[in-house]
1. Mind checking which of Gln86, Gln27, Gln65 has the largest fluctuation in a GNM of the chain, springs on alpha carbons under 10 Å?
2. Compute the orientation-averaged projected area for the chain from the convex hull of its Cα atoms and round it to one decimal in nm².
3. Out of the DSSP beta bridges found with both residues in segment 1-103, what percent are antiparallel (nearest 5)?
4. By the scheme Lys and Arg +1, Asp and Glu -1, what is the net charge of all other residues having a beta-carbon under 15 Å from that of Ala77?
5. Tell me which residues come under 5 Å, amide H to amide H, from Asp101 once H is placed; ignore anything under 5 positions away on its chain.
6. Hey, what do the phi angles of segment 84-89 turn into as Karplus ³J(HN,Hα) couplings, whole Hz, using 6.51/-1.76/1.60 and θ = phi - 60°, x for Gly and Pro?
7. Could you pull out the pairs from Lys35/Lys78; Lys35/Lys100; Lys53/Lys92; Lys35/Lys99; Lys3/Lys87; Lys3/Lys100 whose alpha carbons sit more than 18 Å apart here?
8. Specify which residue in the list Ile70, Asn18, Met28 is farthest towards the positive end of the charge dipole of segment 8-120, using unit charges on the beta carbon of Lys, Arg (+1) and Asp, Glu (-1), about the Cα centre.
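We did not get these values from a lab; they are worked out from the coordinates using the rules stated. Since this is a predicted model, take the numbers as computed values, not measurements. Cβ coordinates were reconstructed from backbone atoms using ideal geometry, including for glycine residues, and neighbour counts include every protein chain displayed.
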Amino acid sequence: MSKPQYDLNDFIEVCKNNVVIVTDKAQMTAREELKLNTKEDILQYVASFENEKFEYIKTTDSEQQPGNIIDVYSIKAKTPVYLAFQKNKIGKWIIKSFKKDDRYLPSDISFNGMPINKKLF
């Protein structure tokens, strides 16, 4: 699918109103990788960015729940964030993934002049 399924403005608005479900896995990676410790921290973080900071990546079918469509974005912040969200069949918004966007790790990381494969991180 080549264009977003959901209106990004609608999603940001519901984040501002704190009415989004955040999966346990998304909360765990947000806490570990981004130091966002609560659901409220995550939603406030998402709501703090203007649309221009969201880079659309793709729209895909949910592997766990076929028929549910997921939009995937990168938030272009100091630490880029990979964000995947959906609206379920009863109309509730769900953040499925929230973690560092590793597509933006430096490609030429080295230690004492020796190259290090970024996949190790």
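1. Gln65
2. Values: hull surface 33.8 nm².
Quarter of the Cα hull surface area: 8.4 nm².
3. The answer is about 85 percent antiparallel.
4. On the way: positive: Lys35, Lys53, Lys76, Lys78, Lys99, Lys100, Arg103; negative: Glu33, Asp41, Glu50, Glu52, Glu55, Asp101, Asp102.
Once all neighbours under 15 Å are counted, the net charge is 0.
5. The answer is Val81, Tyr82.
6. 10, 9, 8, 10, 7, 5
7. Flagged as over cut-off: Lys53/Lys92; Lys3/Lys100.
8. Farthest towards the positive end: Met28.
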